[in-house]
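All of the numbers you see were taken from the coordinates with simple rules; none came from a lab. Note that this is a predicted model, so its numbers are computed, not measured. So basically every Cβ, Gly included, is an ideal-geometry build from the backbone, and we count neighbours across all protein chains shown.
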Amino acid sequence: MVRALRVALFAYGVIGLIIGLVALVFPDQMSEVFRFKETTDDIIVLSAVTGTFSIATGFWLIVAGRDPLRNIYWVKLVITKAILAVVVAVYLIVRGYSDFNQIGSMIIIDGIFAVAFLILYPWRAASINE
């Protein structure tokens, strides 16, 4: 199970790195991916800020994936992040701020990883280490 958790942390970290780099370097293309009508300066700033956060988080998830038991708080962080991303995305759709075509891929990816992290979480080993 720990080996599968390592792979999941690594994969999620790499996805975060790639998305962050694209958001930082190509904000116009990212706004097209999310189907914004036009790319404003506000969207570019938001893209840069979220891009830097995704890069930093992705990097440290890859590092944490080398020894998930020793870095259990990073595992807890990524579980929380993935679940919150799904909840917020669904909220945005329900409120009419966005639609599934814009953020559906985020719901699917974060949802899959949230479930995977919860299944792979070392419940017994984590309680022993704390």
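Quick look at the numbers
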read-out: Which of TYR97, TYR121, TYR12 has the fewest Cβ neighbours within 10 Å, and the rest in rising order; value: TYR97, TYR121, TYR12
read-out: Normalised contact order of the chain, rounded percent, pairs of Cα under 8 Å and 6 or more residues apart; value: 32 percent
read-out: Proxy reagent accessibility, fewest Cβ within 10 Å first, across MET30, MET106, MET1; value: MET1, MET106, MET30
read-out: Order of THR39, THR80 under a 10 Å beta carbon neighbour criterion, fewest first; value: THR80, THR39
